[in-house]
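**Student:** Sharing a structure below in structure tokens format, with a few things to ask.
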């Protein structure tokens with residue numbers, strides 16, 4: 001297979017729509033909700049700043065604002081790969097840190113101006129890494145009988161800087177990661193049915209985009225915190241303008257109505273209790289439970305402990321670093337014991353290491369693992 005990679009196709013980009021009336025409505029409603037559905041310590045650290053940034057226009061280039069920490073934390077940013085020499089200078093001599101910064105800027109600039117030059121390990125270029133990442137994700141999908149990765153095409157919405165072309169489609173490294181998460185679940189779950197999929201903590205909705213693109217007949221219920229919910233609605237409606245059911249339409253739901261195939265419904269985290277008596281096919285949480293305290297996670301899982309037929313988790317099972325209130329840390333770590341003890345009506349079909357196309361899946365808190373649960377047979381008819 002001949003793979004053509006063309007980078008630097010970043011302009012023109014399409015800005016996301018600014019809808020401050022929607023943002024204010026979401027913030028107003030969330031201010032009246034119970035404490036267990038408000039941002040926990042980790043995200044409360046970002047809350048005020050994220051609102052200020054959105055008011056000042058960060059929504060326009062949501063996928064490129066690499067200097068805004070909360071956007072990076074929620075997985076919105078598709079930033080350009082960088083060569084970081086700062087750490088080498090820190091190890092050697094703190095006084096030379098500025099020299100390290102200059103070296104990083106210079107090498108990163110060269111890497112992007114000449115993406116075929118071999119300046120990394122094993123004489124690999126940026127395009128070599130992108131091609132390898134694509135091939136790994138493609139092979140992983142094929143091995144798990146997932147739909148072809150070539151069906152995905154990342155548009156230039158929100159100005160994703162790490163956007164490259166392979167064959168006839170555009171990708172970002174993050175889109176390859178999301179495709180691999182979907183491919184993993186495809187081993188255990190039939191996405192070809194008309195499923196109802198619930199995601200808690202979708203960020204700006206990049207995982208929903210992947211599954212919806214490949215399996216458009218699925219319906220999605222997305223629950224999230226105020227800022228993330230707003231960003232997700234604005235992002236996904238650029239891809240699927242006719243399939244988004246706005247928070248404006250769901251905010252007064254007392255129960256889940258009959259859902260239309262292929263629609264994406266936007267709901268606040270404070271609406272999660274309406275799932276208590278609603279049966280659905282798959283619950284999805286990737287890397288957001290780990291940012292909450294155990295009591296909060298237990299509350300969410302208690303609501304869907306009998307109503308979800310399948311549950312997928314992708315987390316640091318040892319838990320995130322703990323710290324004091326007002327820091328970018330959790331007050332108490334959520335570990336694998338929290339999930340296992342909370343899902344008494346399920347058996348675990350698989351637990352395995354999670355991978356990115358070029359490395360183990362990991363974040364600031366350590367390596368991630370997949371867990372896939374299926375409801376016990378005697379509970380499936382409940």
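**Student:** Which is in a helix (DSSP H, G or I) and modelled with pLDDT under 70, of 118, 100?
**Tutor:** Every option except 100 fails the conditions.
**Student:** Within 17 Å of the chain's Cα centre (by Cα) and over 17 Å from residue 37 (Cα atoms), is that true of residue 280?
**Tutor:** Considered against the rule, which asks whether it is within 17 Å of the chain's Cα centre (by Cα) and over 17 Å from residue 37 (Cα atoms), residue 280 comes out as no.
**Student:** Still on this model: (1) part of a helix (DSSP H, G or I); (2) more than 19 Å from the chain's Cα centre (by Cα); (3) surrounded by fewer than 18 Cβ atoms within 10 Å (Cβ to Cβ): which one isn't true of residue 17, the others all being true?
**Tutor:** Every condition holds for residue 17 apart from (1).
**Student:** Within the stretch 247-258, is even one residue in the same structural domain as residue 212 (by TED's automatic domain parsing) and closer than 20 Å to residue 365 by Cα?
**Tutor:** There is no residue in the stretch 247-258 that is in the same structural domain as residue 212 (by TED's automatic domain parsing) and closer than 20 Å to residue 365 by Cα.
**Student:** Report every pair of residues separated by at least 6 positions or lying on different chains whose Cβ atoms are under 9 Å apart, first residue within the stretch 14-32 and over 20 Å from residue 252 (Cα atoms), second loosely packed, with under 15 Cβ neighbours inside 10 Å.
**Tutor:** Here the result reads 14/155; 18/57, each pair linking the stretch 14-32 to a residue that is loosely packed, with under 15 Cβ neighbours inside 10 Å.
The values are calculated or read from the model by the stated rules, or taken from the named source; none is laboratory data. The structure displayed is predicted, hence computed values, not measured ones. Don't worry about glycine lacking a Cβ; one is built from the backbone with ideal geometry, like all the others, and counts go over all protein chains shown.
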